[in-house]
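Working notes, structure below.
The values are calculated or read from the model by the stated rules, or taken from the named source; none is laboratory data. Note that the structure is a prediction, hence the values are computed from the model and not measured. Heads up, the Cβs are rebuilt from the backbone with ideal geometry, glycines too, and the neighbour counts pull from every protein chain shown. For the accessible areas, the whole protein counts, side chains as well, though only heavy atoms, and no ligand, DNA or RNA atoms are used. Shrake-Rupley method; radii C 1.70, N 1.55, O 1.52, S 1.80 Å.
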Amino acid sequence: FLSYLIWDLVLGLIYYKSAITILTGYVHHVLYIGLALFSVTHGVSAVFCLMFYNELPTIILALGSLRKEWRSDLLFTTTFFCTRILLHSVFLYKFYWYSDVRFLWKLLLLVFPMHLYWFYGAVRLQ
């Protein structure tokens, strides 16, 4: 995943510069690189892997970029809401109240505002 994040930025600078913005590119990728390294060094990499469900909307978005007929803004926005807003909120609640590792909910809370911002943008496009 770390390699993916780094190469996505490198290739983005070469091939799809307009799609890499400060927030969606650099801040997002650098934040996730930091979170991945933090999770590995603090023994919670399993929780980090558990959060990969968040990539489902990204896969839908990527498929729509590959073939125009596969693009579905409604499907993207729906899966984005279900994974990065709803399910993420459930995990945030569960880790806050039930996890022995007290900092996990703070990590989830750290990325949640970015998800809300992107969801707001997706809804506005609808």
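Things worth noting here:
- Filter pass, Gly25 being among the small types (Gly, Ala, Ser) and open to solvent by less than 30 Å² (accessible area, probe 1.4 Å): yes
- Segment 1-10: number of residues that are part of a helix (DSSP H, G or I) and open to solvent by 70 Å² or more (accessible area, probe 1.4 Å): 4
- Residue in segment 44-62 that is open to solvent by less than 50 Å² (accessible area, probe 1.4 Å), farther than 22 Å from Leu2 by Cα and at pLDDT 90 or above present: no
- So Val40, is it surrounded by 12 or more Cβ atoms within 10 Å (Cβ to Cβ), under 18 Å from the mean Cα position of the chain (by Cα), farther than 28 Å from Leu66 by Cα and of a type in the set (A, V, I, L, M, F, W, C): yes
- Selection of segment 9-26 for residues being modelled with pLDDT of 85 or more and under 19 Å from Asn54 (Cβ atoms) yields only Leu9.
- Helices (runs of 4 or more DSSP H) within segment 23-83 that include 1 or more residues more than 17 Å from Ala122 (Cα to Cα) and without any contact (Cβ under 8 Å) to a residue 60 or more places away in the chain: 28-41, 45-50, 56-66
- Residue among Leu108, Leu87 that is modelled with pLDDT of 90 or more and in a helix (DSSP H, G or I): Leu87
- Meets criteria (in contact (Cβ under 8 Å) with a residue 12 or more places away in the chain, surrounded by fewer than 14 Cβ atoms within 10 Å (Cβ to Cβ) and closer than 21 Å to Leu23 by Cβ) for Leu109: yes
- Residue count for segment 21-37, restricted to those that are within 11 Å of the chain's Cα centre (by Cα) and of a type in the set (S, T, N, Q): 1.
- For Tyr93, the conditions (1) open to solvent by 70 Å² or more (accessible area, probe 1.4 Å); (2) in contact (Cβ under 8 Å) with a residue 24 or more places away in the chain all hold with the exception of (2).
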